[in-house]
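The values are calculated or read from the model by the stated rules, or taken from the named source; none is laboratory data. As the structure is a prediction and not an experimental result, all values here were calculated from the model. Positions of Cβ are generated from backbone atoms using ideal geometry, with glycine treated the same way; all protein chains shown enter the neighbour counts. All accessible areas refer to the heavy atoms of the entire protein, side chains included, with ligands and DNA or RNA removed. Shrake-Rupley method; radii C 1.70, N 1.55, O 1.52, S 1.80 Å.
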Amino acid sequence: MGSGEMVAVKQQSLKAVGLMVVGMMFIPLGDSFAKLAAEASSYNGVTIAWTRFVIGMLIVLPLALLTGQFNELKEGFWRAQILRGTLLSSTIACIITAVTMVPLADAFGAFFIGPVVATLLARFVLGEEVRGVEWAALLAGFVGILLILKPQGVIATGQLFALGAGCFYGAYLTATRWAARVGPPLAQLAGQLCVGAILLMPLAVHHFYSLQIEAPLMLLGSGVSSGIGNLLAIMALGYARAGLLSPLVYSQLVSATLIGWLVFADFPDVMTGVGLLIVFVAGLSPMLLKSTKA
């Protein structure tokens, strides 16, 4: 590979990292709105997840149609969106259920099995290279998660839902990387939102027998924040390997902890702070080490 190509690859990797970090910051924001919506309404986690997909679809689908995004689709586009939409709807239903049962940071602590799942699938399903530093980053991030969770032998029901969400999300990240070339990012986001809305509708629509929608601003905030986060993640995974970007999912925990502190008064203790620092450094270390060697 020539020097010009190496510079281009490095620039793409930097762009992917930036998009992924910003996108991951929006995901806990969406879940925070969902937690507030659950506290202010009679809706359960699945119902709130469905409203998130519907709101996102109503915003993104017209934009994708107006900008001609569906004119550039490749073979297998809708098969990929069915897979991705199924995995993402399962993720969101589980994590929203989790955050309604346990503090935000606790839920996201268990959720971070996701990068491990994504890296394993990227290596053994997609056949992507996973470097030693990336394995080390995942391991260090997991140690940070243990410091945050401070496990005592009993896992709360909410954390079990969060673990399930993490597994689904790891598979979703891998599927998104696999499907990165089947269509433009906006078309892919619109497609997965349509699939998710259809899949969750039978489980949620009976809660809306009345025209009066409960906590509408919170539901809107959840849908918009989640849509932005997932669009940026789709764009990022079109530029770089899932193995490189998976540890960056840990950056969600920084946002989750800050929001939990500022909005829900869940103030992190010293051990949690140390765990957060380890998680953040672990997430950025593969890219930082790669930059120093370039």
I'd like to verify a number: residues in the range 111-127 that are open to solvent by 30 Å² or more (accessible area, probe 1.4 Å) and on the phi < 0 side of the Ramachandran plot, how many?
9
Any pair with Cβ under 9 angstrom, 6 or more apart, that starts in the range 61-73 at a residue that is in contact (Cβ under 8 Å) with a residue 40 or more places away in the chain and among the β-branched types (Val, Ile, Thr) and ends at one that is surrounded by 13 or more Cβ atoms within 10 Å (Cβ to Cβ) and in a loop (DSSP other than H, G, I, E, B)
67/184
Can you find even one residue in the range 129-140 that is open to solvent by less than 10 Å² (accessible area, probe 1.4 Å), touching a residue at least 60 places away in the same chain (Cβ under 8 Å) and farther than 16 Å from residue 244 by Cα?
no
All conditions in (1) of a type in the set (Asp, Glu); (2) outside any helix (DSSP H, G or I); (3) buried (at least 18 other Cβ atoms within 10 Å of the Cβ) are true of residue 31 except (2)
Looking only at helices (runs of 4 or more DSSP H) that lie completely in the range 37-149, which have at least 1 residues being among the aromatic types (Phe, Trp, Tyr) and closer than 21 Å to residue 183 by Cα?
45-66, 77-99
Give the residues of the range 70-92 that are farther than 30 Å from residue 142 by Cβ and crowded, with 24+ Cβ neighbours inside 10 Å, sorted by residue number.
81
Search the range 93-110 for residues being open to solvent by 10 Å² or more (accessible area, probe 1.4 Å) and within 14 Å of the chain's Cα centre (by Cα), and hand back the single one that is farthest from residue 276 (Cα to Cα).
93
Can you pull out every residue in the range 222-272 that is outside any helix (DSSP H, G or I) and either in contact (Cβ under 8 Å) with a residue 40 or more places away in the chain or more than 22 Å from residue 39 (Cβ to Cβ) (or both)?
238, 239, 240, 241, 266, 268, 269
Within the range 200-221, the residues that are buried (at least 20 other Cβ atoms within 10 Å of the Cβ), part of a helix (DSSP H, G or I) and in contact with a Ser or Thr (Cβ under 6 Å, 6 or more places away or on another chain) are 200, 204, 219
For the range 176-196, check the following and say yes or no: at least one residue is within 12 Å of the chain's Cα centre (by Cα) and either assigned to a helix (DSSP H, G or I) or over 16 Å from residue 24 (Cβ atoms) (or both).
yes
Do you know which of the residues in the range 56-69 that are open to solvent by 80 Å² or more (accessible area, probe 1.4 Å) and farther than 12 Å from residue 194 by Cβ is modelled with the highest pLDDT?
66
